[in-house]
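The values are calculated or read from the model by the stated rules, or taken from the named source; none is laboratory data. Quick caveat: nothing in here was measured; it's all calculated off a predicted structure. Neighbour counts are summed over all protein chains in view; Cβ atoms, including those assigned to glycine, are modelled from backbone coordinates with ideal geometry. Surface areas here come from the heavy atoms of the whole protein model, side chains and all, with no ligands, DNA or RNA. Shrake-Rupley method; radii C 1.70, N 1.55, O 1.52, S 1.80 Å.
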Amino acid sequence: MKRRIIIILLFTPLYVFFLLHGIKTLRREVDRWLEVLPLPKSSHLYINTIELTSRFPEFRTLLYYRYRINEFNPIRLIYPGQMMSISCPEVGEGLVIQHGFGTRIGCGKIGKNCQVWQGVTIGKSRSGIDEPRPIIGDNVKIYANSLVLGGITIGDNAVIGAASVVLKSVPANCTVVGNPARIVKPKQ
């Protein structure tokens with residue numbers, strides 16, 4: 001019980017900080033994360049936010065990105081995020097990053113309700129300013145240690161298997177695995 005009280009006291013300022021930057025964004029992200037993760041849900045946004053911000057640095061990092069809070073902001077020194085980066089001009093609602101350590105998201109667009117696991121790299125295939133970046137559709141799942149590289153498109157509802165190297169576009173409703181990735185299961 002003491003531990004819970006301490007966590008509430010420690011993370012309430014972060015909750016207030018996020019609340020002041022926009023309650024709609026906070027509510028949408030909290031609802032999506034609680035939909036995906038097996039956590040106890042409260043009817044109060046406050047309790048749910050405290051639970052997520054105290055347990056998931058990936059959640060904090062995503063909110064820092066959403067609210068455009070740079071790494072030099074003092075709030076990030078007090079409440080550090082995960083060792084990952086997001087560099088994407090358009091990130092749809094409901095992105096869930098599970099075990100985000102080492103994850104790099106540098107795409108042209110990522111759709112709604114996507115899930116990304118640890119060690120995933122999404123970005124350019126070569127260095128260069130004008131190199132195209134991947135476009136990720138809605139409801140895509142990209143499992144651990146996968147690479148999605150180049151100016152390709154990942155269709156809606158696609159699944160990228162763990163440790164896959166995706167260098168060509170993936171149609172909607174397909175599962176791909178391997179190095180190089182190949183379609184193993186088109187969804188019906």
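A few points about this structure:
- Mean separation of Cα contacts under 8 Å (6+ apart) over length of the range 83-128, as relative contact order %: 40 percent
- Cut-off 20 Å, label 7 Å out along Cα→Cβ of L77, residues of the range 7-44 by amide N: 10-18
- Length-normalised contact order of the chain in % [C-alpha pairs under 8 Å, at least 6 apart]: 11 percent
- For the range 48-162, alpha-carbon Rg and Dmax in angstrom: 13.9, 42
- When the surface is traced with a 1.4 Å probe over the full set of protein chains, K124 keeps roughly 70 Å² accessible.
- Of the residues S127, S146, S87, the one that moves most in a GNM of the chain with alpha-carbon contacts below 10 Å is S127.
- Accessible surface of the chain, 1.4 Å probe, proportion on carbon and sulfur as whole %: 57 percent
- Label-point separation in nm, R3 to A163, each point 7 Å along Cα→Cβ: 3.4 nm
- Across the range 77-188, C-alpha contacts under 8 Å between residues 6 or more apart give a mean separation that, scaled by the residue count, equals a relative contact order of 17 percent.
- For the chain, the longest principal axis of the C-alpha atoms and the axis of helix 23-36 are separated by about 60°.
- With a cut-off of 15 Å between beta carbons, the residues surrounding M83 carry a summed charge of +1, where Lys and Arg count +1 and Asp and Glu -1.
- For T25, the accessible surface of its heavy atoms amounts to roughly 30 Å² (probe 1.4 Å, protein chains only, rounded to the nearest 10).
- Per residue, in Å², the accessible surface of the range 23-66 once ligands and nucleic acids are set aside, probe 1.4 Å: 45 Å²
- Per-residue accessible area (protein heavy atoms, 1.4 Å probe) orders D31, D138 as D31, D138, starting from the largest.
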